[in-house]
Amino acid sequence: GKSGYDHFMLKEIHEQPRALRQCLRGRVEEQTASVDIGDLADLAPTGVQFVACGTSYHAAMYGAQLFRDAGVPAQAFLASEYATSPPPVGNSLVVGISQSGETADTLSALREAESRGARTLTLTNTVGSTMDRECDHTLYIRSGPEIGVAASKTFAGQLTALNLFSMATAERNSTRRDVVPELRKLPGNVQKILDSSSAEAVADYYEDAESYFFIGRGYQYPVALEGALKLKEISYEHAEGFAAGELKHGPLALVDENTPVFAMAVGDDEKARKTLGNIKEVEARDAPVVAVTDGRNDAERYADHVLEIPETHPRAAAVLGNVQLQLVSYHIADQLGRSIDKPRNLAKSVTVE
Ligand code: F6R
């Protein structure tokens, strides 16, 4: 049942602390900053191609960035396009990310890669799924069953498991020492957001907007895309996600006082400063700005509303910022009376190409 929540989606958003604890259980050791994912650590790929659809594709973009940051060439592909125009695989490991493990487009891409001699791995939530059975290797995200059609806790699980995977196979000690403690704090930090989020008030304020933009840079870019996808799916409102730096190359033409812009503003480094510049660009066009921020940059000065997240590593901030965006989408859809757990035209598991 829904355990007292109005929708499975809200229940599953609230299950994230537990899902993340399960994902991390027995896999990270804080004292030594070590990561244990068993034999998978031996994979040590010299290249990674991620294939996935929808929300899982956003996780794939994040995963590819993790590997690139560790010096390993990596790319994310939409599974339907990968199968249509497969890139050379070389020695790459091909990783299919799929909550269900049954998505037809992702399965086709994996089969295509396998037929070209690639080793395959699936990152999935579903033990015994077709991908679990067909791929050479599996890394489970351990999120528990997800009933709502819109993916919520499984996206958090995917991002977290991708950190484990990149740390165990590609990353240096120094990175692990920075990241492992922040992963350990994730369940508690997600809980803090769930306990104190002002997302419902923000949703109330903007529920009449015509169009919603989401921007982010680096690890926050896939989160911006995910924020927009979630809002479209469950509220049927128009929403778009962009790389923050890409706004001025076209989409800025659409921005006006009726286009709330949700901006992921995390950290105080060069990336954060650039994103702040992008926030000023939209603010100058009178767009309402909702900053999802850890308070370490000046974003709140230019924002009409702020959704706070605890200070952490940018990779963990992606998980936290996404929780705020999930809540905004949920409450907008709820206020509009949408069928949140079963949006029109959509299915939980898409088994046709
Ligand atoms: C979004 C959503 C879909 C799925 C996509 C892939 O909320 O649920 O975009 O992410 O259909 O599904 P899986 O991960 O099962 O392969």
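Taking only the alpha-carbon positions of the range 55-113 and ignoring solvent, what does the Debye formula give for the base-10 log of I(q)/I(0) at q = 0.15, 0.19 Å⁻¹?
With no solvent term, the Cα-only Debye profile gives -0.41, -0.67.
Hey, what number do you get for the chain at 222 nm if only DSSP H runs of n ≥ 4 count, each worth -39500 (n - 2.57), divided across all residues, to the nearest 500?
Working: 13 runs with 159 residues, N = 353.
Result for the chain: -14000 deg cm²/dmol, rounded to the nearest 500.
Can you list, largest first and rounded to whole Å, the semi-axes you get for the range 1-76 by taking the square root of 5 times each eigenvalue of its Cα gyration tensor? Present the calculation step by step, with values, prior to reporting the outcome.
Working: eigenvalues 172, 78, 18 Å².
They are 29, 20, 10 Å, listed largest first.
Per the Cauchy relation, a quarter of the hull surface: what is the mean projected area of the convex hull of the alpha carbons in the range 12-171, in nm²? Walk me through the numbers before you get to the answer.
Working: hull surface 34.5 nm².
One quarter of the hull surface, i.e. the mean projection, equals 8.6 nm².
Across 10 Å bins from the origin, how do the percents of Cα pairs in the range 276-353 run, short distances first?
In order of increasing distance, the bins hold 16, 33, 29, 19, 3 percent.
First check a/c for the range 1-42, with a ≥ b ≥ c the square roots of the eigenvalues of its C-alpha gyration tensor; if it is under 1.5, answer rounded, and if not, answer prolate when a/b is larger than b/c or oblate otherwise. Mind dumping the intermediate values first?
Working: a/c = 5.07, a/b = 2.90, b/c = 1.75.
Prolate, because a/c is 1.5 or more and a/b exceeds b/c.
Give, rounded to the nearest 20 debye, the magnitude of the charge dipole that the range 98-228 has about its Cα centre when Lys and Arg contribute +1 at Cβ and Asp and Glu contribute -1 at Cβ. Present the calculation step by step, with values, prior to reporting the outcome.
Numbers: 13 positive and 18 negative charges, 181 e Å.
So the dipole magnitude of the range 98-228 works out to roughly 860 debye.
Using the Cα centre of the chain as origin and beta-carbon charges of +1 (Lys, Arg) and -1 (Asp, Glu), tell me which of VAL180, TYR330, THR312 is placed farthest towards the positive end of the dipole.
VAL180
Rounded to the nearest 10 degrees, what's the angle between the helix 104-115 long axis and the longest principal axis of the chain, both from Cα atoms, 0 to 90?
Helix 104-115 and the main axis of the chain meet at about 40 degrees.
Ignoring any ligand, DNA or RNA, what whole percent of the accessible area of the range 1-79 comes from carbon and sulfur when the probe is 1.4 angstrom? Intermediate values should be presented prior to the final figure.
Values: 1510 of 3370 Å².
Its accessible area is 45 percent carbon and sulfur atoms.
List the trypsin sites (Lys or Arg not before Pro) within the range 1-69 that fall in a DSSP loop (any state other than H, G, I, E or B) and whose Cβ has at most 11 other Cβ atoms within 10 Å.
Qualifying residues, ordered by number: ARG25.
Two-decimal Rg/Rh of the range 103-194 from alpha-carbon positions, Kirkwood Rh?
On the way: Rg = 15.4 Å, Rh = 15.0 Å.
Ratio of gyration radius to Kirkwood radius: 1.03.
Below 8 Å between Cα atoms, with a sequence gap of 6+, how large is the relative contact order for the chain in percent?
Numbers: 732 pairs, mean separation 67.1, N = 353.
This gives 19 percent for the chain.
Nothing charged except the Cβ atoms of Lys and Arg (+1) and of Asp and Glu (-1): what's the magnitude of the dipole of the range 296-353 about its Cα centre? Round to the nearest 20 debye. Intermediate results must be reported in sequence, preceding the final value.
Numbers: 7 positive and 8 negative charges, 58 e Å.
Taking the Cα centre of the range 296-353 as origin, the dipole is about 280 debye.
In the range 166-225, which GluC sites (Glu not before Pro) fall in coil by DSSP and have 10 or fewer other Cβ atoms within 10 Å?
Values: sites: GLU171, GLU182, GLU200, GLU207, GLU210; in loops: GLU171, GLU207, GLU210.
The qualifying sites: there are none.
State the Kirkwood hydrodynamic radius of the chain in Å, one decimal place, computed from all pairs of distinct Cα atoms.
Numbers: mean 1/r = 0.0495 Å⁻¹.
For the chain, the Kirkwood estimate is 20.2 Å.
Measure nothing but the geometry: give the 0 to 90° angle between the long axis through the Cα atoms of 314-335 and the longest principal axis through the Cα atoms of the chain, rounded to 10°.
60
Let me know the Rg and Dmax you get for the range 215-353 when you use only its Cα atoms, in Å.
Computed over the Cα atoms of the range 215-353, radius of gyration and Dmax are 15.1, 47 Å.
List the trypsin sites (Lys or Arg not before Pro) within the range 118-214 that fall in a DSSP loop (any state other than H, G, I, E or B) and whose Cβ has at most 16 other Cβ atoms within 10 Å. Don't skip to the end; give the middle numbers.
Working: sites: ARG119, ARG133, ARG142, LYS153, ARG172, ARG176, ARG177, ARG184, LYS185, LYS192; in loops: ARG142, ARG172.
Qualifying residues, ordered by number: ARG172.
Which of LYS230/LYS271; LYS11/LYS274; LYS230/LYS274 have a Cα-Cα distance over 31 Å? Write out the running numbers ahead of the final one.
Details: LYS230/LYS271 25 Å; LYS11/LYS274 36 Å; LYS230/LYS274 26 Å.
From the list (LYS230/LYS271; LYS11/LYS274; LYS230/LYS274), the Cα-Cα distance tops 31 Å for LYS11/LYS274.
Can you give me the angle between helix 270-283 and the longest principal axis of the chain, using Cα atoms only, in degrees from 0 to 90, rounded to the nearest 10?
For 270-283 against the chain, the angle is about 40 degrees.
Report the one residue of SER34, ALA113, TYR5 whose Cα lies farthest in the direction of the positive end of the charge dipole of the chain (charges on C-beta: Lys and Arg +1, Asp and Glu -1; origin at the Cα centre).
SER34
About the Cα centre, and with charges only on the beta carbon of Lys, Arg (+1) and Asp, Glu (-1), how big is the dipole of the range 1-54? Nearest 20 debye, please.
On the way: 6 positive and 8 negative charges, 59 e Å.
Dipole size: approximately 280 debye.
The values are calculated or read from the model by the stated rules, or taken from the named source; none is laboratory data. Note that the structure is predicted; figures quoted are calculated from it, not measured. FYI the Cβ positions are ideal-geometry reconstructions off the backbone, even for glycines, and counts take in every protein chain you see. Accessible surface is based on the protein model in full, side chains and every heavy atom, while ligands, DNA and RNA are left aside. Shrake-Rupley method; radii C 1.70, N 1.55, O 1.52, S 1.80 Å.
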